[in-house]
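Below is one structure, written out as structure tokens; comments come after it.
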Amino acid sequence: MADMFKTPLAAWHEAHGAKMAPFAGWWMPIQYEGILVEHRHTRTQASVFDICHMGEFTVKGKGAKDALLHAFSHSLATLKEGRCRYGFILNEEGGVLDDCIVYNMGEDDYFIVVNAACIDRDFKTLCERMPAGVACQDLSSQIGKIDLQGPKSCEVLERFLGQNLHDLAYFAFRETEWNGKRLLVSRTGYTGELGYELYVEAASAQALWDALLEDERVKPAGLGARDTLRMEAGLPLYGDELDEKHTPVEAGMGRMMKNECDYVGRKGLEQVREVLLGLELEGRRAARHGDRLCLESGEEVGVVTSGTFAPSLGKSIAFAWCRAGQEGAASFVIDNGRAKLKARKVETPFYKDGTARVKLQ
Amino acid sequence: MSDPKELKYSKTHEWVRVEGEEAVVGITQFAQDALGDITYVEVPAEGDAVEQEKECGSVESVKAASDLISPVTGTVVAVNAELENAPEVVNQDPYGKGWMFKVKLAGPVEGLLDADAYAKVCAEEAH
């Protein structure tokens, strides 16, 4: 633990009985009361998640937009101020270096949120791809991020801030103030539910966390529930479903690739060697990262990237890479070396009743 | 919750309640707490032979999968069928309704720990 990074909230988590474990080099809360309870609470009420480990950059200066259009896959040409967009940083071959959200803060002024495990590599890549005159800053250690997620999160945050948030659409954001501090409120998240990602200076993260928990509808949730929630919502996790060896098109993100510039990695998107499948298993037993994906004949055609028992569905679900051309099979067998689990391909999201995109106006 | 004094324990966190020539087996409070929310339990079938210190099933939670190791040698005479659809009972009542299977013992039960010795095993692992 001594060599782990800690978020500003780590002491709070430990004092409140969280089970802690390493994640991407960080000492993070996996659960407080229990993963299933926290999962259900997020699907029905509102939960706060400590996401301070994730990275934040700013990119500013004349030419920033054009440079980012060539550096990242995001289609920034159509991204209005006050909106943000999901996309990828690719290598030359089209493999995914990271998935990230880019915020349009104003003319040639962008805010970028990246995965904790990729911060250093992402920042180096970003700096290499930006021309002179465009300034990049890594603010990861100075910014705290708390996610408020769940169908009650809008009502909670409106009461908390004393502001109407019904006009804040999915993938829109607003800069405001809380307690005299700058607060960025983004209607985004990783749970499939209505929710917000909140950015505040790191020194105020604890105060924000405490204040949000004063609302009786809000409970803390750990990375365990974050993972089951994102799996049910059909959202990929970098390192599992996304990696340098696969393109976003192979990962099923082809319809998002609307940037028409000749961005780094674009050429590589034409080749599809494997496709990512969403799989539903027959029983409660879960497939796990690394299990073999086979046809009924026993022929191995791929590998499971992540799998879990899905609390909101009462059965197990998984993502797996499948050799292109084999994805049409009526059913698959997942072999974990001890058992053979029957699975069939299904459309994602696995859980279809999420409130993330609900129109509030 | 402290571990019942009348039970015997294995170092791999199973408990045994000896009832004459039979023994009931489950996993301990420490095991269920370490695993977290249990989502799937595979126990041996009635009639299966189980051997002490050998794998005889598995217990899965949201985050982990763990082998179930038989703490005794004998033949399975009953299994807790309720766990198939309600494995969370193991979390709620590991020493009662969360029992896993019952064995007709092949011989006297040996090589297990009493509650005090088992508590020391847990204390060491908790570090």
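Tabulated data for the structure shown
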read-out	value
Residues within segment A:303-333 that are within 11 Å of chain B (Cβ to nearest Cβ) and either more than 22 Å from the chain's Cα centre (by Cα) or polar (S, T, N, Q) (or both), tallied	4
Any hit, segment B:37-44, residues being surrounded by fewer than 20 Cβ atoms within 10 Å (Cβ to Cβ) and under 15 Å from B:Ser10 (Cα atoms)	no
Residue selected from segment A:221-235 under the condition outside any helix (DSSP H, G or I) and closer than 13 Å to A:Phe350 by Cβ, by the criterion most open to solvent (accessible area, probe 1.4 Å)	A:Leu235
Criterion violated by A:Gly222 - all others in (1) under 13 Å from the mean Cα position of the chain (by Cα); (2) over 29 Å from A:Gln361 (Cα atoms); (3) within 14 Å of chain B (Cβ to nearest Cβ) satisfied	(1)
Pairs, first without any contact (Cβ under 8 Å) to a residue 40 or more places away in the chain and more than 17 Å from A:Gly283 (Cβ to Cβ) in segment B:35-52, second of a type in the set (Phe, Trp, Tyr) and crowded, with 16+ Cβ neighbours inside 10 Å, C-beta under 6 Å, six or more apart	none
Single unsatisfied condition, B:Ile27 versus (1) of a type outside the set (D, E, K, R); (2) more than 14 Å from every other protein chain (Cβ to nearest Cβ); (3) over 13 Å from the mean Cα position of the chain (by Cα)	(3)
Test: residue in segment A:203-218 that is among the basic types (Lys, Arg) and free of Cβ contacts under 8 Å to residues at least 40 places away in the same chain	no
Tally, over segment B:90-119, of residues that are out of contact with any strand residue (DSSP E or B) (no Cβ under 8 Å at 6 or more places or on another chain), closer than 18 Å to B:Ser2 by Cβ and surrounded by 11 or more Cβ atoms within 10 Å (Cβ to Cβ)	3
Candidate set from segment A:5-25 (those that are assigned to a loop (DSSP other than H, G, I, E, B) and either touching a helix residue (DSSP H, G or I) at 6+ places or on another chain (Cβ under 9 Å) or within 14 Å of chain B (Cβ to nearest Cβ) (or both)); member that is surrounded by the fewest Cβ atoms within 10 Å (Cβ to Cβ)	A:Gly17
Residue list for segment A:195-205, restricted to those being crowded, with 18+ Cβ neighbours inside 10 Å and of a type outside the set (Gly, Ala, Ser)	A:Tyr196, A:Glu197, A:Leu198, A:Tyr199, A:Val200
Meets criteria (within 27 Å of A:His289 (Cα to Cα), in contact with a Leu (Cβ under 8 Å, 6 or more places away or on another chain) and surrounded by 21 or more Cβ atoms within 10 Å (Cβ to Cβ)) for B:Ser66	no
Residues (closer than 28 Å to A:Ala287 by Cβ, open to solvent by less than 20 Å² (accessible area, probe 1.4 Å) and of a type in the set (A, V, I, L, M)) located in segment B:12-34	B:Val25, B:Ile27, B:Ala31
Of all residues making up segment B:53-78, the number that are more than 12 Å from the chain's Cα centre (by Cα) and at pLDDT 95 or above	9
Some residue of segment A:292-302 being under 21 Å from the mean Cα position of the chain (by Cα), under 29 Å from A:Ile35 (Cα atoms) and part of a strand (DSSP E or B)	no
Candidates B:Lys11, B:Lys5 - the one that is part of a loop (DSSP other than H, G, I, E, B) and within 24 Å of A:Ala21 (Cα to Cα)	B:Lys11
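Matching residues to (1) touching a helix residue (DSSP H, G or I) at 6+ places or on another chain (Cβ under 6 Å); (2) open to solvent by 50 Å² or more (accessible area, probe 1.4 Å); (3) of a type in the set (Gly, Ala, Ser):
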| residue | (1), (2), (3) |
| --- | --- |
| A:Cys261 | yes, no, no |
| A:Ala286 | no, no, yes |
| A:His289 | no, yes, no |
| A:Glu296 | no, yes, no |
| A:Pro311 | yes, no, no |
| A:Trp321 | no, no, no |
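The values are calculated or read from the model by the stated rules, or taken from the named source; none is laboratory data. Given the structure is predicted, the values throughout are model-derived calculations rather than measurements. A quick note on method: Cβ atoms are made from the backbone with ideal geometry, for glycine too, and the neighbour counts reach across all protein chains shown. Areas reflect the complete protein model, heavy atoms only, side chains present, ligands, DNA and RNA absent. Shrake-Rupley method; radii C 1.70, N 1.55, O 1.52, S 1.80 Å.
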